[in-house]
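Trainee: This is the structure, below, for whatever I ask next.
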Amino acid sequence: MRRWTKWTVAALTLALAGCSGALQPREAPTPDGPRAWRAAEGQWLAGQILVGYETDAALARIAQALDGRVDQTLPQIRGAVVTLPQGLEVAEAVARLNRQRPQGLVYAEPNFLRERVAPQPGAFPGDGALTEVAGAPRPAQGAAFSDPLRQYQWALDVMGAEAAWARATGQGSLIGVVDTGMDGTHPELAGKQVTGMDCLTGNRIPPDVDGTLRANTHATHVAGIAAAWGNNGQGIVGVAPEAQVMSLIIFNPTIAGPGNGSGYVGDANVARCILYAALVGPDGVERSGDEAHVLNNSWGGKSYGQTLTNAINAALEAGVAFVVSKGNSGEDEMRDPERLPGTIAVGATMGQDRKTSFSTMGPNISIGAPGENVLSSVPTWLLRPDGTPYGYQYFNGTSMAAPQVAGAIALLRERFPEATPYQLKRLMETTADDLEAPGYDRRTGWGRLNLARALAAPGLPPDGANVVVRVVTGNAGPDGAQIGVPAVDVLLRQGGLDRYFAQTNARGEARFVGVDPGAYEVIATGSDALAFNFRPANRASARGRLTAAAGGGSSELSLELRTQLRVTASWSGSEDVDLLVGEPDGGGGTVWVGQRLAPDFGAFEAGSGPGGSSERYALNETHAPYALYPLGLSAEHAAVAVSVSGVVAQAGAIESYGRWELE
């Protein structure tokens, strides 16, 4: 005879831990966490997770909690790769750590995968390629660089490169190309490379070698746009012809396959390369002066990664600008890393000074630059039918726009060596040629890059601001302190736009590096948190206001997320049915409470009417955080069989469960 059933509901994300549901709602079914994550295979690397830690001892405890093994550390940001034991899924490992919260855990997340922003290849010079671009100016007479294909580089003329070169050519600047491998033997790049890194293995890449594995032309084209030699009697000239370049290979064709067609090496390895370029450099000595000044990126994905964000923040704080192509979807959307605070998101413009049809839009776009019919270098193994190298090719994409901006930063660093990444970004924005709608718009940002005007600026704008938002539960933990809430989306809104986005770590902290000074509305919203095995109903929000002060200092704000949970069990007739709730006992276990055993963290209420009877449980605002609250039903005191249904009202969402037949 069935007198009792366990009614399991994934608990509240913001103040309660989760558990997967054995009984599903009869309306609007909600997938449990791990199942939803497994359905998204290809978004992360299997068999490992990434964690943030406070101390080496804490890292050992974190790995031990999973019976895992630490295989790689990123000491500059205190991040690590933990290999999981066989049979432990990535989603469950992340959920376990966020439930158990081992001392010293800063975050836990998958090792996410991302994709290359793929441009559209065009024609080769001499094979019917465009010689002029409609609406673009002709090359200036008496040009500073007389390379044979200079006349076809319309982008340099529309940006005013000739006037800019009278002030700087990029001497002393180093551009890191975070991309595929590049052909360092190409005449436009040979002799200007420094030691780079194969991000998959961590091995160093010597200068002047072909690192493409004969698989991709992308990085070679990007590097040529930014920094191809000038007056070398070959082809083209780059925006910053005397700058150096560093190859940082994050796409490797040897690991490409289903779910990872680009061969992305994972967030941990990309973070390793970013830290190498920004903090270490070719000599292997941190902050010795041989590090990169700007990193160019044409890749991204939808997932927010703490490890990747921390590495980018470390680069920004070290004075390294981070340029990212906006994407080629033509849609209004954002991806990481181009939506991260402090980065420079670049859209693509055409010869007529309008947004190209393919350029992705969004509220975070900083600036536009030419990205249509852009001529640059391609690997020397790309051959004509007669066996000679093509050498050069036209491409279309925001991948072609971003290196124009990276090259501009190399020029500006020569002129303003003390400039911060924010000041360089803001200088380009304030000197851009306004396009389309007056002022800032989400199609072209502040306008199209104007090299001449940027290099002619008499000085630098004020520095930006840093913001820290801490999101905590409205109730205290066992030690009486409020507990930080992980995986909460935090938005800084200004002028009706979602200007900046970040997500909280395990301590409830979201950091924004290099944002515009000014007043913001701050919105913290609990995510659906499928990573932590919670239901999408597990949402709550809090709002506040903050003024970010200029000068590079930090402005801070604390927000409380308060939770509401009401559970109702209903049945026909007047039989005695008990609604049971498992409350934490303070020792890691659960004690079942109901009308017959007074609860510690909620209150029960019985009800009856013509339609039948009910019992309700309302969670107190002050309750035990990050604990399991399973639900149960008992008909032990009922004289006859009874049919019971349940309703959970939480964070504004109402879900129906059952019916259950208790005999």
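The values are calculated or read from the model by the stated rules, or taken from the named source; none is laboratory data. Quick caveat, the model's predicted, so the values are computed rather than measured. Here Cβ is always computed from backbone atoms with ideal geometry, including for glycine, and neighbour counts include all displayed protein chains. For accessibility, only protein heavy atoms count, side chains too; no ligands or nucleic acids. Shrake-Rupley method; radii C 1.70, N 1.55, O 1.52, S 1.80 Å.
Trainee: Could you sort the peptides 161-174, 320-333 by per-residue average Cβ neighbour count (10 Å cutoff), highest mean leading?
Mentor: Ranking, from highest mean packing down: 320-333, 161-174.
Trainee: Using the Kirkwood radius over C-alpha pairs as Rh, can you work out the diffusion coefficient of the range 377-445 via Stokes-Einstein at 10 °C, viscosity 1.306 mPa s, in µm² per second?
Mentor: D, rounded to a whole number, is 105 µm²/s.
Trainee: Would you mind working out the magnitude of the charge dipole of the chain relative to its Cα centre, with +1 at each Lys and Arg C-beta and -1 at each Asp and Glu C-beta, to the nearest 20 Debye? Working shown, then result.
Mentor: On the way: 51 positive and 67 negative charges, 62 e Å.
For this selection, approximately 300 debye.
Trainee: Which value in deg cm²/dmol, rounded to the nearest 500, describes the helix-derived mean residue ellipticity at 222 nm for the chain, given -39,500 (n - 2.57) per DSSP H run of n ≥ 4 and division by the residue count?
Mentor: Numbers: 11 runs with 101 residues, N = 663.
Counting only the DSSP helices, I get -4500 deg cm²/dmol.
Trainee: Right, another one. Hey, what did the range 309-453 get for relative contact order, percent, Cα under 8 Å, at least 6 apart?
Mentor: 26
Trainee: So, one more: Please list, or write none, the aspartates and glutamates whose alpha carbon is within less than 14 Å of the alpha carbon of residue 355, excluding same-chain residues fewer than 8 places away.
Mentor: 331, 332, 372, 433, 434, 436, 441
Trainee: Contact order normalised by length for the chain, with contacts defined as Cα pairs under 8 Å and 6 or more residues apart; what percent is it?
Mentor: The normalised contact order for the chain reaches 16 percent.
Trainee: Take the alpha carbon atoms of the range 422-501, find their radius of gyration, then divide it by 2.2 N^0.38 Å using N residues; give the quotient.
Mentor: Compactness ratio reported: 1.66.
Trainee: Same structure again: Before I look further, what does the chain give for accessible area per residue, probe 1.4 Å, in whole square angstrom? If you can, show how the numbers build up before the last one.
Mentor: On the way: 24200 Å² over 663 residues.
Spelled out: the 1.4 Å probe surface of the chain, per residue, equals 37 Å².
Trainee: Cβ under 11 Å from residue 264's Cβ, residue 264 left aside: what net charge do those residues give with Lys, Arg +1 and Asp, Glu -1?
Mentor: Every neighbour counted, the sum reads 0.
Trainee: Same structure, new question: Carbon-plus-sulfur fraction of the accessible area of the range 353-400, 1.4 Å probe, in percent?
Mentor: Working: 720 of 1330 Å².
Carbon-and-sulfur percentage of accessible area, whole number: 54.
Trainee: Going by average Cβ density within 10 Å per residue, which order do the peptides 549-557, 358-366 take, highest to lowest?
Mentor: Those peptides, ordered most packed to least, come out 358-366, 549-557.
Trainee: Could you order the peptides 47-53, 69-75 from most to least packed, using the average number of other C-beta atoms within 10 Å per residue? Don't jump to the answer; show the numbers that get you there.
Mentor: Values: 47-53: 23.7, 69-75: 15.0.
Answer by packing, highest mean first, reads 47-53, 69-75.
Trainee: Have a look at the DSSP beta bridges in the chain and tell me what percent are antiparallel, nearest 5.
Mentor: 75
Trainee: Around residue 54, under 12 Å between beta carbons, what's the net of Lys plus Arg minus Asp minus Glu among the other residues?
Mentor: +2
Trainee: Where does the chain land on Rg/Rh, using Cα atoms and the Kirkwood Rh? Provide the component values of the computation, followed by the final result.
Mentor: Numbers: Rg = 28.5 Å, Rh = 26.8 Å.
That ratio equals 1.06.
Trainee: What aspartates and glutamates sit close enough to residue 302 to cross-link, taking a C-alpha to C-alpha distance under 13 Å and skipping anything fewer than 8 places away on the same chain?
Mentor: Those aspartates and glutamates meeting the cut-off are 115, 267, 333, 336, 338.
Trainee: Follow-up. For the range 282-394, build the convex hull from the C-alpha positions and give me its volume per residue in Å³.
Mentor: Residue-normalised Cα hull volume stands at 160 Å³.
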